[in-house]
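Here is the structure we will look at, set down as structure tokens.
The values are calculated or read from the model by the stated rules, or taken from the named source; none is laboratory data. Keep in mind it's a predicted model, so treat the numbers as computed, not measured. All Cβ positions, even for glycine, are placed from backbone atoms using ideal geometry, and neighbour counts span all protein chains on display. Heavy atoms of the whole protein, side chains included, go into the accessibility calculation; ligands, DNA and RNA do not. Shrake-Rupley method; radii C 1.70, N 1.55, O 1.52, S 1.80 Å.
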Amino acid sequence: MASQREQFGSRIGFILATAGSAVGIGNLVGFPVNATKNGGGAFLLLYAVFVLFICLPVMMAELAAGRHTQKNPLTTYDVISSNSKRWHIAGWLSVITPFMIAVFYSVITLWILGYLSAIVTGNLNLLGSPEYFSTFINSKSVFSYLIGVSLFVGGVLFFGVKDGIERGAKIMMPMLFIMLIGLVIFVLTRENAMAGVKYFLIPDLSKIDAKVINSAMAQAFFSLSLGMGILITYGSYMKRTTSIAYSAKMVALADTGIAFTAGLLVLPAIFSFNPDTNPAELSDSSIALIFTFLPKIFIAMQASIGYFGASAIAAVFFLLVLVAALTSLISIIEVPVCAVIDNKNVSRPKALICVGMAIILVAIFCTISFGMSEFFTNLLSYGGADKSFFDLVIDIFYDTILPLNGLAICALVIFRWKKSGLNTELECGDDNFKGSLTERYLNFSLTTFIPLILLFVFINTALNKFWGISLI
Ligand code: TRP
């Protein structure tokens with residue numbers, strides 16, 4: 001007899017775990033800087049509109065599909081499409097995508113762990129030198145940090161949905177929140193901090209063009225864990241007595257709220273310690289910001305709070321980013337693990353070891369693609385630039401494929417599951433859903449303009465990344 005599927009124990013547990021998945025490095029650093037460079041308050045408003053009107057419906061559809069089939073994404077596509085071959089490909093994509101995201105996200109996470117340990121061992125001042133980052137990522141020590149990250153994530157996943165993922169989120173999410181608020185209070189009480197807040201909040205409509213709209217849309221989409229198979233998987237662990245609409249709204253609110261709050265930390269910190277910063281010159285890359293730019297800000301804090309104080313603040317910041325990254329990593333690795341458990345009928349520990357080993361292997365290819373291995377470092381050249389294996393993985397799986405996976409979910413609802421199927425699932429555990437505005441909006445948007453927008457974002461990003469062509 002098949003054993004019962006694991007489930008989240010409570011609604012709040014589900015919301016925390018899913019918010020933990022959604023909140024990541026992008027929320028804490030990428031979002032605030034992107035918003036500041038691209039119109040401040042005007043960007044924030046645009047982003048909120050995208051979250052509410054485009055991302056939330058896709059989120060609810062993914063959760064509902066997973067809860068309906070009680071299976072991983074691959075099987076979910078099979079079940080809803082009645083085993084169609086074509087849909088099977090979409091199913092595979094939604095398992096391979098999280099696998100590959102897990103690969104490069106593990107690499108970034110291990111770097112964060114490396115920086116955190118440098119700071120707590122008294123070496124904050126080293127992080128400011130221009131060569132530190134490239135020397136560090138090419139040093140042998142990265143492999144020990146990779147082992148550290150793998151053991152932690154593996155350890156949480158080993159205990160399963162309720163005792164591992166949910167319990168972990170219940171500890172780590174409040175921790176994340178407290179560290180974030182603590183840092184915000186510290187930074188806002190510094191001199192000049194308000195200059196940063198102004199840049200972040202005051203709307204500048206002149207910056208809003210088609211490119212900014214496209215990037216706000218893409219950012220909102222990936223920030224909410226959409227198109228990664230995570231929500232289908234977590235949906236399959238949701239109780240039928242829980243309202244999907246309510247839970248999804250809370251997750252979106254938490255994710256956006258944390259991204260917004262991080263803006264009150266990062267921008268004031270930058271402006272307080274370097275009042276002449278020109279926001280337009282801040283890097284677009286979260287990686288460059290975290291590993292080369294922000295350490296300089298922390299080092300500059302020495303002047304007012306001493307080396308120990310600056311190290312303490314830097315340590316809390318890197319711990320905050322580490323916790324955010326770990327909760328995301330946990331959720332994304334659960335997707336292939338769940339697919340193996342469901343389809344190969346093996347136990348969780350066995351599935352975890354197979355998937356974990358495979359991720360570590362490919363993560364090692366990424367790790368050595370910054371100079372250690374000539375082959376992986378100069379793998380390809382496209383879109384007018386030389387690309388390493390690490391770049392290739394990010395370009396394909398993070399930047400390009402997510403909207404395509406979102407489109408696939410919309411298409412599955414339109415052509416196979418039908419609105420009635422979706423509505424029936426969303427009505428479970430939610431007495432107010434039938435006939436509600438949310439239901440009507442979902443039915444309309446998911447079958448009309450949302451797939452068109454996702455198609456456009458996908459095509460535009462693919463042309464841009466791989467051929468250097470921009471449609472807008
Ligand atoms: N918001 C995340 C970030 O900023 C993006 C993300 C969502 C993510 N879900 C994830 C990243 C799962 C890795 C794994 O980084």
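May I ask you to verify whether SER347 is farther than 30 Å from PHE159 by Cβ and either polar (S, T, N, Q) or modelled with pLDDT under 95 (or both)?
Values: farther than 30 Å from PHE159 by Cβ: no; either polar (S, T, N, Q) or modelled with pLDDT under 95 (or both): yes.
So SER347 fails the test.
Restricting the stretch 414-427 to residues that are open to solvent by 40 Å² or more (accessible area, probe 1.4 Å) and either of a type outside the set (D, E, K, R) or touching a Phe, Trp or Tyr at 6+ places or on another chain (Cβ under 6 Å) (or both), which is farthest from THR242 (Cα to Cα)?
As a first pass, look at the stretch 414-427 and keep what is open to solvent by 40 Å² or more (accessible area, probe 1.4 Å): 414-416, 418-420, 424, 427.
With the extra rule that they be either of a type outside the set (D, E, K, R) or touching a Phe, Trp or Tyr at 6+ places or on another chain (Cβ under 6 Å) (or both), the set shrinks to 414-415, 420, 424, 427.
Values: ILE414: 24, PHE415: 26, SER420: 19, THR424: 14, GLU427: 10 Å.
Among them, the one singled out is PHE415.
Would you call THR367 of a type in the set (S, T, N, Q) and modelled with pLDDT of 95 or more? Full working, then the answer.
On the way: of a type in the set (S, T, N, Q): yes; modelled with pLDDT of 95 or more: yes.
When the stated conditions are applied, THR367 passes them.
Which one of the conditions (1) more than 28 Å from VAL49 (Cα to Cα); (2) within 16 Å of the ligand (Cβ to nearest atom); (3) among the charged types (D, E, K, R) does ASP284 fail to meet, given that it meets all the rest?
(1)
Only helices (runs of 4 or more DSSP H) wholly contained in the stretch 1-117 count here; list those with 2 or more residues that are among the basic types (Lys, Arg), out of contact with any Leu (no Cβ under 6 Å at 6 or more places or on another chain) and away from the ligand (no atom under 15 Å from the Cβ).
On the way: elements: 11-22, 31-37, 41-50, 56-69, 73-80.
Per the criteria, no element qualifies.
Is it the case, given these coordinates, that ILE394 is within 16 Å of the ligand (Cβ to nearest atom), under 30 Å from VAL120 (Cβ atoms) and at pLDDT below 95? Break it down into steps so the answer makes sense when it comes.
Values: within 16 Å of the ligand (Cβ to nearest atom): yes; under 30 Å from VAL120 (Cβ atoms): yes; at pLDDT below 95: yes.
Judged against the criteria, ILE394 is a match.
Looking at the stretch 304-338 only, could you name the residues that are among the small types (Gly, Ala, Ser), more than 10 Å from the ligand (Cβ to nearest atom) and open to solvent by 10 Å² or more (accessible area, probe 1.4 Å)?
Correct list: SER304, GLY306, GLY309, SER311, ALA312, ALA315.
Got a sec? Which of VAL161, VAL142 is among the β-branched types (Val, Ile, Thr), open to solvent by less than 10 Å² (accessible area, probe 1.4 Å) and under 21 Å from the mean Cα position of the chain (by Cα)?
VAL161
Of the residues ALA210, ALA248, only one is among the small types (Gly, Ala, Ser) and open to solvent by 40 Å² or more (accessible area, probe 1.4 Å); which? Please lay out each step first, then the result.
Numbers: ALA248 fails: open to solvent by 40 Å² or more (accessible area, probe 1.4 Å).
So the residue among ALA210, ALA248 that is among the small types (Gly, Ala, Ser) and open to solvent by 40 Å² or more (accessible area, probe 1.4 Å) is ALA210.
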